[in-house]
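We did not get these values from a lab; they are worked out from the coordinates using the rules stated. Please read all numbers here as calculations on a predicted model, not as lab measurements. Cβ placement follows ideal geometry from the backbone for every residue including glycine, while neighbour counts extend to all protein chains displayed.
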Amino acid sequence: MSKVRTFEAADLDDVANLFQRLLRKTSQPANDDLRSYFRQIFLDNARPEPAFRSRVHLRDDGSVSGFIGVLPVSMQFKDRQILALDCGSFVSDDRDVDPFAGARLLRDVLSGPQDLSFTETANDISTEMWKSMRATVLGSYSLGWLRILRPASFAIEAATNHMRALKVMRPFGQVFDGVLSRALGPSSWLGYERTPGKADAFLTEPISDSDFAELLPGLLTQYAIRPVWSNGQLEAMLQHATRKRNYGERHQRAVKNRGGKIIGLYLFYGNKGDIGRTVQVVSEPGLESIVIDCLLRDASALGLVAIRGASQPSIIQAMIGKKCAFVPSAATIVHTHDRELLEALKSGQAFINGLVGEGWTRFIGDRFE
């Protein structure tokens, strides 16, 4: 009879191969690097309580047919401590033979004693599973935003993702972008041209992992629901985030005023000619617009053709008027029995996604070689 149990070291080969085949879409077996990373993330630092550990689904013969990765996150809700479970890496095989295996995995996790369960990476299938268990999709956290900086080069780069041979067209994109910039001017929705504004009074500079980790909690006090990282935990997460080779070079920067006060932080990736990807953008309350302007300025100066990221309610309003497009992305979904907590989540009072979700791990944006 099929069953669900906690993830063990003996499951590493099966789980890594499932991840490789179903999420990475390759028939190549998982290598030592991937297996080692699964161990590091989901076993080496796991909590002792079974309810807060990752799960596997077993077929009748005892072989692994599904996995859900669980990362406990200590959080503060107003004046009390709560425990959240990030349920990110979720794979289920044999959907034709056993269509409810994934649902059994998810139900086993959601039935635990944690205060909150969430994911920021739900696809259409897993979204329906979560919803069937009375979970709530947070629409304002489930949008992706995109700002095109060089329209012709962006079109070529986007097409290259589906047809690698189009790389030879990149030099032509640069030429067309110059023509478009002169023809359309700074008021056009296509392209980016730096114009005078309040952001000119602010500077950006690279920042170390230790300084980023020290400064970030102070920028999160505006949120009723926010993470509480233990000593050294956030810095260790940022060190994981150094390796996202599919995304390009890492850019981790602080935004400061002329007096030296830091009013924002952001972490993004990309090489010249790439579509950049952000993992985190934070600012002091009321200064979101300036931080976003600084981010766009830096992205353009680096030669990115566009930059994209996941939405947060606190930055959506600030992006209005900055020629950003919003598109449906992976869903952010929450499950809790606490009505007060749910209302705070639905009203955008939580700092989740990015460094609170799975975005800091190598599972998103890196290669395992």
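Across the range 324-337, rounded Karplus estimates of 3J(HN,Hα) from the backbone phi angles (6.51 cos²θ - 1.76 cosθ + 1.60, θ = phi - 60°) give 9, 9, 10, 9, x, 10, 4, 7, 9, 10, 10, 9, 7, 9 Hz, Gly and Pro being marked x. The angle between the Cα long axis of helix 170-184 and the longest principal axis of the Cα atoms of the chain comes to about 50 degrees, rounded to the nearest 10.
Amide H contacts for ALA241 (H built 1.01 Å from N in the peptide plane; partners 5 or more residues away or on another chain; cut-off under 5 Å): none found. In this structure, the amide hydrogen of LYS322, modeled 1.01 Å from its nitrogen in the peptide plane, lies closer than 5 angstrom to no residue at least 5 positions away or on a different chain.
Computed from the C-alpha gyration tensor, the three semi-axes of the ellipsoid equivalent to the range 3-142 are 24, 18, 15 Å, from longest to shortest. Here the peptides 208-220, 306-318 are ranked by packing, the mean other Cβ count within 10 Å, and the order with the highest first is 306-318, 208-220.
Residues in the range 275-280 carry Karplus couplings, in order, of 8, x, 10, 8, 9, 8 Hz; the curve used is 6.51 cos²θ - 1.76 cosθ + 1.60 with θ = phi - 60°, and Gly or Pro positions show x.
Which one of TYR247, ILE290, LEU23 is farthest out on the positive end of the charge dipole of the chain, using unit charges on Cβ (Lys, Arg +1; Asp, Glu -1) and the Cα centre as origin? In the chain, that residue is ILE290.
Were the residues from ASP338 through SER208 laid out at 0.36 nm apart, the gain over their Cα-Cα distance would be 43.0 nm.
In terms of its C-alpha gyration tensor, the range 210-366 has a rounded overall shape, because the principal axis ratio a/c (a ≥ b ≥ c, square roots of the eigenvalues) stays below 1.5.
Ranked by the mean number of other Cβ atoms within 10 Å of their residues, highest first, the peptides 262-271, 77-86 come out as 262-271, 77-86.
Using 29 Å as the Cα-Cα cut-off, could you pick out the over-long pairs in LYS261/LYS322; LYS256/LYS346; LYS25/LYS322; LYS272/LYS346? Don't jump to the answer; show the numbers that get you there.
On the way: LYS261/LYS322 25 Å; LYS256/LYS346 31 Å; LYS25/LYS322 36 Å; LYS272/LYS346 38 Å.
Those over the limit are LYS256/LYS346; LYS25/LYS322; LYS272/LYS346.
Annotation: amide H-H contacts under 5 Å for HIS57 (H modelled 1.01 Å from N, sequence separation of 5 or more, or interchain): SER65, GLY66, PHE67.
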